[in-house]
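Have a look at the structure below before the remarks.
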Amino acid sequence: MSTNPLDLKVLKQQLQTHLSQSYNPLQIDLLAHGEANVIFRLNLTALVRVAVNTPNQRFAGDLRQVTQFEQVILNYLQKTDIGHQLQAVSLEPTADFPYTFLITNYLEGMPLDYSRDHLQKCAHTLAQLHRLPTIAGYEVDRLRPTVPVIEHPLTLFYQEAKDYAQPYLDAPEAEPDIVEMLHALLEKARSRLSMESLLAAYPHRCLVHSDHTYENWVINDRQAYLIDWEWAEIGSPAGDLGHFLSPVTIRRHHNYCLPAEDRAFFLERYYDALEDADLATRIRHHFAAFGVYPAVRSLCWTAGYWITANRWYAEAKESASAVERMARLQQSQEQFSELWEEVMGWLEEGNEGMGE
């Protein structure tokens, strides 16, 4: 993860110069700046997504791969209403613009707020995404080899959870209570790994988004759209359901706690929206086995991130985005014991998601 400060005014000027060859008139406005991308609104009707950084190790720091990865996914989804429609792509830096970028349509809407209206729309969108491989022309092989295939997700997520937690477990400033909680969490997750056989017994692989932070949803009166596919993979749809319902994910929305009845409402609407009883049965088994593991991984990632990201944000502290994310880090430390209790409770539920 780069610690070099990014001059947004210079970036905007460079982009204007570069795009002026293709767009006349040309209006560019900064819309958002995250760790990985800077988003500009182009002539009110389009977006330019500039890859400036990536914390995702799968790209080995190569920003061209980040842009190409999302291009492959948006091409796969082009005839659906699941996300942005791709309009143009630049996969190589140029003399006048040293970054890669995508241009898509602009989506009107607001972020996910976890109201029942939003939950229902998100359930419908995820069901549409997860059933795509049952439709001719949407075979997941179209995404390979660019998008990785997750063969054994419980095993992988458990190992990644251990790896994410390790920087905290090794840190001199680690709090003994949190160290004990992390060890208990990992041991409980390890004890459930035998449930991975359910995924082989009820096979279904599809494109999964894998990053359901509320800001990665754009929702309007008509439907919910998914954006930012950098963490996508081919694997079990329960990965999406688990990340969407993870208390770690949900708390990012102004410290919100999703009521149990709303969680059940979301799952019910999702299974109904699949419109395929056999597929719904398969995914119920996946969710029972794997659904909690994204939450386990996220909680371990959170603890490790206090150590690794705190150093990056300390050096990037002049960025408004960095200040906001530092506040989130501090809040996650305050919430950790509550989040741990929720995830441990989920681990102990056993066959959650199997009921009709």
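With the checklist (1) surrounded by 13 or more Cβ atoms within 10 Å (Cβ to Cβ); (2) touching a residue at least 40 places away in the same chain (Cβ under 8 Å); (3) not in a helix (DSSP H, G or I) in hand, flag the one item residue 94 doesn't pass.
(1)
Can you name every residue in segment 23-56 that is at negative phi, in contact with a strand residue (DSSP E or B) (Cβ under 9 Å, 6 or more places away or on another chain) and free of Cβ contacts under 8 Å to residues at least 40 places away in the same chain?
Residues satisfying the conditions are 23, 26, 27, 28, 29, 30, 31, 32, 38, 39, 40.
Tally the residues that are without any contact (Cβ under 8 Å) to a residue 60 or more places away in the chain and of a type in the set (D, E, K, R), restricting the search to segment 197-225.
Count: 3.
Please enumerate the residues belonging to segment 105-146 that are closer than 28 Å to residue 256 by Cβ and free of Cβ contacts under 8 Å to residues at least 12 places away in the same chain.
Once the filter is applied, which keeps residues that are closer than 28 Å to residue 256 by Cβ and free of Cβ contacts under 8 Å to residues at least 12 places away in the same chain, segment 105-146 yields 115, 117.
Looking at 60, 36 in this structure, which one is closer than 28 Å to residue 301 by Cα, surrounded by fewer than 13 Cβ atoms within 10 Å (Cβ to Cβ) and out of contact with any Cys (no Cβ under 7 Å at 6 or more places or on another chain)?
Matching residue, one of 60, 36: 60.
Being closer than 24 Å to residue 137 by Cα, within 18 Å of the chain's Cα centre (by Cα) and not aliphatic (A, V, I, L, M), is that true of even one residue in segment 56-65?
No - not one qualifying residue is present in segment 56-65.
Answer yes or no as to whether residue 14 is at pLDDT 90 or above, surrounded by 15 or more Cβ atoms within 10 Å (Cβ to Cβ) and out of contact with any Phe, Trp or Tyr (no Cβ under 6 Å at 6 or more places or on another chain).
no
List, please: which pairs have Cβ atoms under 6 Å, are six or more places apart or on different chains, and start with a residue in segment 269-288 that is under 13 Å from residue 202 (Cβ atoms) and free of Cβ contacts under 8 Å to residues at least 24 places away in the same chain and end with one that is among the aliphatic types (A, V, I, L, M) and buried (at least 22 other Cβ atoms within 10 Å of the Cβ)?
280/274
Only one of 77, 102 is modelled with pLDDT of 95 or more, over 30 Å from residue 257 (Cβ atoms) and in contact with a Phe, Trp or Tyr (Cβ under 9 Å, 6 or more places away or on another chain). Can you tell me which?
The unique qualifying residue is 77.
What about residue 131, is it assigned by TED's automatic domain parsing to the domain that holds residue 337, in contact with a helix residue (DSSP H, G or I) (Cβ under 7 Å, 6 or more places away or on another chain) and surrounded by fewer than 18 Cβ atoms within 10 Å (Cβ to Cβ)?
no
Name the single residue that is surrounded by the most Cβ atoms within 10 Å (Cβ to Cβ) among those in segment 135-182 being within 30 Å of residue 77 (Cβ to Cβ) and among the small types (Gly, Ala, Ser).
161
For segment 288-309, give me each residue that is under 14 Å from residue 166 (Cα atoms) and either aromatic (Phe, Trp, Tyr) or outside any helix (DSSP H, G or I) (or both).
301, 305, 306 - these are the residues of segment 288-309 that are under 14 Å from residue 166 (Cα atoms) and either aromatic (Phe, Trp, Tyr) or outside any helix (DSSP H, G or I) (or both).
Give the residues of segment 147-196 that are of a type in the set (Val, Ile, Thr), part of a helix (DSSP H, G or I) and in contact (Cβ under 8 Å) with a residue 60 or more places away in the chain, sorted by residue number.
178
The values are calculated or read from the model by the stated rules, or taken from the named source; none is laboratory data. The structure displayed is predicted, hence computed values, not measured ones. Note: ideal-geometry Cβ built from the backbone for every residue, glycine included; neighbour counts use all protein chains shown.
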